[in-house]
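This report refers to the structure that appears directly beneath it.
The values are calculated or read from the model by the stated rules, or taken from the named source; none is laboratory data. Remember, it's a predicted structure, so these values are computed and weren't measured experimentally. Every residue, glycine as well, gets a Cβ built from its backbone with ideal geometry; the counts of neighbours run over all protein chains shown. Accessible surface areas use protein heavy atoms only, side chains included; no ligands, DNA or RNA. Shrake-Rupley method; radii C 1.70, N 1.55, O 1.52, S 1.80 Å.
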Amino acid sequence: MSRMLIKGGCVVTMDARLGELPQGDVLIENGRIAAIAPRLDAPDGAETIDASGMIVMPGLINGHLHTWQSALRGIAGDWTVAQYMQAMHRGLATLYRPEDIYIANLMGALNQINNGATTLVDWCHNNPTPEHTDAAIQGLADAGIRAVFLHGSPKPNPRPGQKHFSEIPMPRAEVERLRKGRFASDDGLLTFGLAILGPYYSVWDVTRHDVQLANELDLICSMHVGGGTALTPGGFERLVAEGLIKGSFNVVHGNDIAPATIGRIVERGGTFTTTAEVELQMGYGHPLTGILQSFGAPMSIGTDVEAIARGDMFTAMRVTLQHERNRSMTETLAKTGSRPVEMPVTCRAALAWTTVQGAQIARLADRTGSLAVGKAADIVLLAADDITMFPVRDPIGSIVMQGGLAGVDTVLIGGKVMKRGGKLLYPGLPEKMETLRRSGDRILTNFGYLPRKAA
């Protein structure tokens, strides 16, 4: 039996029963948390990690990332949604080979670990062949991250005689190949779901087919809503009427869905994921944070596309939190003539989006999202004595408002140390980084992209 004792840290569990321990120990046995207490003795043969001067917290959960774009970081910083859709999906995406998908997913997942995220929901919608799909999955697996792989569908311009992507349903044979093969069990480090077009980007028959397929195979069914006019007006209402919305149903963005429709989706167990930084750039409207809070609904957040936004969940927490605080307070001011006395959204709520609620929406709440006995040891140690955080007065406030890459000292996934002393432990990292650069260079060159010259 392998044992590890994390000793002497400030323990933020995000477990309602355990709360925070100003100083505590966490015992790990065979990759799972065996005990949490103010003081524990190290069992014989246990490795001890000295967590004094650190915050011990659950690994963060990135609820939405198109990891395949990792080689294209920063190119879309000034793009509108129309420019993004045309250049990315109709152009750049079509130039990817399976090996490009592999290195992007590997390096994108490693970047998540480096930034303190132990779980990633990978919304993979650039998989035109089974080889691309398998390469994407292998990249996640080789990184060692906990991940939900959501099988999507490409969105190129149709060639003569081809159907538009909105008319093409999720390929049942390919989904069943994965569900009966690599994802036959839901117990592994990698789990499976569908990234469907949904009523915003597909005709009704395709929407219904894809949701029914996900329900039949007991898979997460996630879809984008944003950036234009729905191809199937009233599609969500039709899904509600046919009883197709279940707990596995997930909407990403959804800024312009009517509150009443959001309420009906939530009532039937559906969930929402926001990516505030990208939604704000694209002009989608206010993220749904406040509306979901009014319904008492859980919410997860993500970083979305690294072609636009940094893949850092600490930044995502702050952007989402502060935007909603400003929106809510200015709304109250306009209605009442004064700002609210109490802060409308707390730092604890923001941390929950990236931990317990993120795990719930990813269907992983039984194994991650909080520190509790029996759960997987997905743990991050933040250096509370680092100049960026010191001195820590309120650990949750410090995590949300001062946390970031500089403080991510140690990362464990399933009890395996992935980062220690501020350094990723993945072997051959410089060579992998060079492979990522070459991949992006080829794709961008073939696309005819010319970077903006420095001023």
Exercise. When only C-alpha pairs under 8 Å and at least 6 residues apart count, what is the relative contact order of the chain, in percent?
Worked result: 20 percent
For this session: Name the shape class, rounded, prolate or oblate, that the alpha-carbon gyration tensor gives for the range 304-378, where a ≥ b ≥ c are the square roots of its eigenvalues, rounded holds for a/c under 1.5, and otherwise prolate holds if a/b is larger than b/c and oblate otherwise.
Result: oblate
Exercise. Extension gain A260-R90, at 0.36 nm per residue separation less the Cα-Cα distance, in nm?
Worked result: 57.8 nm
For this session: Could you pull out every one of the aspartates and glutamates with an alpha carbon less than 12 Å from that of K7, ignoring same-chain neighbours closer than 8 positions?
Result: D25, D41, E47, D50
Exercise. Once you put a point 7 Å from the Cα of A241 and another 7 Å from the Cα of N30, both along the Cβ direction, what distance in nm separates them?
Worked result: 5.2 nm
Exercise. Taking the Cβ-Cβ separation of D142 and D218 as r and a Förster radius of 30 Å, what is the calculated FRET efficiency to the nearest 0.05?
Worked result: 0.65
Problem set entry | In range of the label at D50: residues from the range 370-409 whose backbone nitrogen is under 17 Å from the point 7 Å along Cα→Cβ | 381-386, 409
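Please work out how much length the chain gains when fully extended from E176 to N446, using 0.36 nm per residue of separation minus the C-alpha to C-alpha distance, in nm with one decimal. Please list the in-between numbers first.
Values: separation 270, 0.36 × 270 = 97.20 nm, distance 3.41 nm.
That works out to 93.8 nm of additional length.
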For this session: For helix 130-143, report the angle its Cα long axis makes with the longest principal axis of the Cα atoms of the chain; keep it between 0 and 90° and round to the nearest 10°.
Result: 10 degrees
For this session: Could you state the orientation-averaged shadow area of the convex hull built on the Cα atoms of the chain, in nm² to one decimal?
Result: 23.3 nm²
Exercise. Simple spin-label model, 7 Å along Cα-to-Cβ: Q322 to A334 in nm?
Worked result: 2.2 nm
Exercise. So how far apart, in nm, are the two label points at A372 and R159 if each is 7 Å from Cα heading toward Cβ?
Worked result: 5.2 nm
Exercise. Angle between the Cα long axis of helix 429-447 and the longest principal axis of the chain, 0 to 90 degrees, nearest 10?
Worked result: 20 degrees
Exercise. When the accessible area of the chain is computed with all protein chains present and a 1.4 Å probe, what percentage of it is carbon and sulfur?
Worked result: 53 percent
Problem set entry | Extended-chain gain in nm, criterion 0.36 nm per residue less alpha-carbon gap, R437 and F390 | 13.4 nm
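With Cβ to Cβ distances under 12 Å as the rule, what net charge do the other residues near V278 carry (K, R +1; D, E -1)?
Its environment carries a net charge of -3.
Would you mind working out the accessible area per residue for the chain, using a 1.4 Å probe, and quoting it in Å²?
Accessible surface, normalised per residue, equals 40 Å².
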Seminar exercise, completed: Plugging the Cβ-Cβ distance of T80 and S2 into 1/(1 + (r/R0)^6) at R0 = 45 Å yields, to the nearest 0.05, a FRET efficiency of 0.30
Problem set entry | Cα gyration tensor shape for the range 309-455, rounded if a/c is under 1.5, else prolate or oblate | oblate
Exercise. Given the rule -39500 (n - 2.57) for each run of at least 4 DSSP H residues, summed and divided by the residues of the chain, what is its mean residue ellipticity at 222 nm, to the nearest 500 deg cm²/dmol?
Worked result: -10000 deg cm²/dmol
For this session: Quote the accessible area belonging to E242 in square angstrom, nearest 10, computed with a 1.4 Å probe and with ligands, DNA and RNA left uncounted.
Result: 90 Å²
